[in-house]
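K.L.:
Please read through the structure below; I'll follow up with questions.
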Number of protein chains: 2
Amino acid sequence: MTAPATARSEQTRAQIVEAALRLFRERGYAGTTMRAVAEEAGVSVGNAYYYFRSKDELVQGFYDQLAADHRAASAPVLARTTDLGERVAGTLNAWLSIAEHYHAFAGRFFAVAAQPGNPLSPFSSASHAARDAELALWDDVLAGSSTRIAAQLRARLPELLWLYQLGIVLFWVHDSSPGLRRTRELVGRSAPLVARLVRLARLPTLGPVVRQAADLAASLRGS
Amino acid sequence: MTAPATARSEQTRAQIVEAALRLFRERGYAGTTMRAVAEEAGVSVGNAYYYFRSKDELVQGFYDQLAADHRAASAPVLARTTDLGERVAGTLNAWLSIAEHYHAFAGRFFAVAAQPGNPLSPFSSASHAARDAELALWDDVLAGSSTRIAAQLRARLPELLWLYQLGIVLFWVHDSSPGLRRTRELVGRSAPLVARLVRLARLPTLGPVVRQAADLAASLRGS
DNA sequence: CCGCGCATTTGAACGCGTTCAAAACTGAGT
DNA sequence: ACTCAGTTTTGAACGCGTTCAAATGCGCGG
C-alpha cells in the first residue's frame with residue numbers, strides 16, 4: 001500500500017478495488033485496462049496509480065480475501081467430522097467454492113505470483129500474513145482430526161498440506177472442465193490418499209523415511 | 001513458428017534468437033526491449049514480429065534447447081551408475097548445470113509458462129515434443145536402474161519424476177543463493193528419498209496406497 | 001481570512017509490445 | 001527483360017501500463 005489511510009482515501013481505494021474485481025470477472029485480466037478500471041471507479045488513471053503501484057497489485061485483494069474467506073468457509077466441515085480425509089477434502093473444496101468467482105483471471109494471478117521476488121508470491125515475505133493464516137487453518141485440520149500422526153511429521157504437516165493445496169490450485173488454474181469437475185475429482189481422490197499416507201507414516205518401517213521427509217520439508221523453509 | 005523456412009529466413013530467425021538470448025542474459029527479460037533485440041539482430045521491429053509472435057515466444061528456444069541438452073548432459077551419469085538415487089540426482093544436476101545460464105530470466109519464462117493455454121506451458125499440447133523427450137529421459141533413468149520397481153507404479157514413474165523435476169525447477173527459479181546452492185542441496189537430499197520411496201513401494205503393506213497413487217497419476221493425465 | 005504543508009487528483013506524455021499497409025526482394029516462367 | 005506470386009522487410013502508428021509535474025483540496029494555526 002502506497003498511501004496512509006484517511007476516510008477519503010479509503011473510499012477511493014475501495015471504489016478502485018471494487019471496480020477492478022468486477023471488471024476482471026467480466027472481461028478477464030487481459031481484457032481489462034487501467035483506463036477502464038479508473039473510469040468505472042470514477043477516478044483518473046493517475047489516481048488509480050496513486051493507490052496501487054501496478055495493475056497486478058489490484059489483484060492483491062483477491063489473495064487476501066481468499067485467505068480470510070477460506071477459514072470461514074471451512075468451519076462447517078471442520079466442526080462436523082474428525083476424519084482426516086474428510087477434513088482435508090472439505091477444506092480444499094471450501095477453497096474451490098470461494099475461488100470459483102475468480103477463475104477467469106486466476107491464470108494471470110498465479111503467473112504473476114510465480115515470479116521470484118514478487119510480493120504476490122505465496123512464498124514471499126509480503127504474503128506471510130495470508131500464508132500464516134493458511135498454515136494455521138491446516139494446523140486446525142490436523143488438530144481436530146482423530147488420526148494419530150507420527151511425531152516427527154506433525155510439526156511439518158501444515159506446510160506439506162499447504163504445498164499440496166498449492167498443487168491443487170495449480171491444477172485448478174489449468175482446469176477448463178465444466179464446473180471445474182476435474183479439480184474436484186482430484187481433491188476427492190487425493191485427499192483420502194493423503195490421509196492414508198499420514199496414517200501410514202506411523203509405521204516403524206517408514207520411520208527413517210518420515211524423518212527424512214520431515215527434514216526435507218524443514219530445509220525448504222531455510223532462508 | 002509463423003513462417004516457412006528458407007535459407008534467408010532461417011538466417012534472420014537465428015540472428016533474432018541469438019540477439020534475444022544474449023540480451024536476456026545481459027539485461028534480464030524485463031530490461032530487454034524488442035527494439036533492442038531488433039537492433040542487435042540488425043532487423044526492424046516488425047521483422048522480428050514476422051518471425052516471432054511475441055516477445056515471450058522468443059524464449060521458446062530456451063525451452064526446446066534445454067530439453068535437447070538435458071539428455072546429452074545426463075548421459076555420463078546414466079552410463080556410470082545403476083543406483084536410482086544417483087541417477088535421479090545426476091539427471092537433475094545435469095539440468096541445473098545447463099539451465100544456469102538462463103537463471104536471470106527464468107522467472108519470467110516460468111511465469112509465462114504457468115498461464116493456462118500458453119503454448120510454453122509444460123502441460124500444453126504445443127510442448128508435447130519437449131515433454132515427451134523429458135519423459136523418455138526419465139524412463140531411461142528408471143530402465144537403467146538396479147532398483148526393483150512395483151509393477152503398478154512403473155508405467156507412471158516417468159511422469160511422477162517429471163513432476164518432481166518441475167518442483168525442483170520451481171524451487172530453482174526462486175533460489176537466490178550463491179551458486180544456486182540451495183537447489184543443489186534440495187536435489188542432494190530429495191533424490192535419495194525419492195529412490196527410497198520407489199523401493200518401499202514394493203512393500204505389500206503399501207500395495208493399496210501405491211495402486212491409488214498410480215491411479216491418481218493416471219487421472220492427472222485425463223484429456 | 002490567509003498561508004502552509006500535506007494529501008489527493010489530474011491528464012498529457014512516455015516507453016514498450018505489437019500491428020499492419022506498403023515497399024522491397026526473390027525466384028520462376030514466358 | 002518483364003511479369004507474377006510469394007516472401008521478407010520496414011517503420012509509423014496504435015493501445016496499454018505507467019509516470020510525473022502541476023493543480024486542487026483539506027485541515028490547522030496564527
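The values are calculated or read from the model by the stated rules, or taken from the named source; none is laboratory data. These figures come from a predicted structure and were not determined experimentally. For neighbour counting, all protein chains shown are included, and Cβ atoms are generated from backbone atoms with ideal geometry for every residue, glycine included.
K.L.:
Tell me which of these A:L58 doesn't satisfy, since it passes every other one: (1) within 13 Å of DNA strand D (Cβ to nearest atom); (2) surrounded by fewer than 20 Cβ atoms within 10 Å (Cβ to Cβ).
P.N.:
Failing condition for A:L58: (2).
K.L.:
If you take the residues of the range B:193-205 that are crowded, with 17+ Cβ neighbours inside 10 Å and more than 7 Å from chain A (Cβ to nearest Cβ), which of them is nearest to B:D83 (Cα to Cα)?
P.N.:
Per the criteria, the residue is B:A195.
K.L.:
Is it fair to say B:R71 is more than 13 Å from the chain's Cα centre (by Cα) and either on the phi < 0 side of the Ramachandran plot or not assigned by TED's automatic domain parsing to the domain that holds B:L193 (or both)?
P.N.:
So B:R71 fails the test.
K.L.:
For the range A:40-55, give me each residue that is buried (at least 17 other Cβ atoms within 10 Å of the Cβ) and of a type in the set (A, V, I, L, M, F, W, C).
P.N.:
The answer is A:A41, A:V43, A:A48, A:F52.
K.L.:
Select from the range A:1-39 the residues that are among the basic types (K, R), loosely packed, with under 12 Cβ neighbours inside 10 Å and modelled with pLDDT under 95 and list them in ascending order.
P.N.:
Answer for the range A:1-39, where residues must be among the basic types (K, R), loosely packed, with under 12 Cβ neighbours inside 10 Å and modelled with pLDDT under 95: just A:R8.
K.L.:
Moving to a separate point now. (1) more than 14 Å from chain B (Cβ to nearest Cβ); (2) among the aromatic types (F, W, Y); (3) within 16 Å of DNA strand D (Cβ to nearest atom): which one isn't true of A:Y29, the others all being true?
P.N.:
(1)
K.L.:
Can I ask one more? Run down A:A20, A:A48, A:A36, A:A41 and say which single residue is of a type in the set (A, V, I, L, M), touching a residue at least 24 places away in the same chain (Cβ under 8 Å), in contact with a helix residue (DSSP H, G or I) (Cβ under 9 Å, 6 or more places away or on another chain) and within 8 Å of DNA strand D (Cβ to nearest atom).
P.N.:
The unique qualifying residue is A:A48.
K.L.:
Given the criterion within 16 Å of DNA strand C (Cβ to nearest atom) and closer than 30 Å to A:S190 by Cβ, identify the matching residue among A:Y49, A:Y102, A:Y29.
P.N.:
Exactly one residue qualifies, and that residue is A:Y29.
K.L.:
Taking into account only those residues within the range A:149-188 that are among the aromatic types (F, W, Y) and closer than 25 Å to A:G207 by Cα, which is nearest to the other protein chains (Cβ to nearest Cβ)?
P.N.:
Filtering first and then ranking leaves A:Y164.
K.L.:
Name the residues in the range A:189-221 that are modelled with pLDDT under 80 and of a type in the set (A, V, I, L, M, F, W, C), would you?
P.N.:
Answer for the range A:189-221, where residues must be modelled with pLDDT under 80 and of a type in the set (A, V, I, L, M, F, W, C): just A:L220.
K.L.:
Can you pull out every residue in the range A:208-223 that is of a type outside the set (V, I, T) and in contact (Cβ under 8 Å) with a residue 24 or more places away in the chain?
P.N.:
A:R211, A:A213, A:A214, A:A217, A:A218, A:L220, A:R221 - these are the residues of the range A:208-223 that are of a type outside the set (V, I, T) and in contact (Cβ under 8 Å) with a residue 24 or more places away in the chain.
K.L.:
Let me confirm something: among A:V169, A:V187, which residue is touching a residue at least 40 places away in the same chain (Cβ under 8 Å), crowded, with 17+ Cβ neighbours inside 10 Å and more than 25 Å from B:P208 (Cα to Cα)?
P.N.:
Of A:V169, A:V187, the one residue that is touching a residue at least 40 places away in the same chain (Cβ under 8 Å), crowded, with 17+ Cβ neighbours inside 10 Å and more than 25 Å from B:P208 (Cα to Cα) is A:V169.
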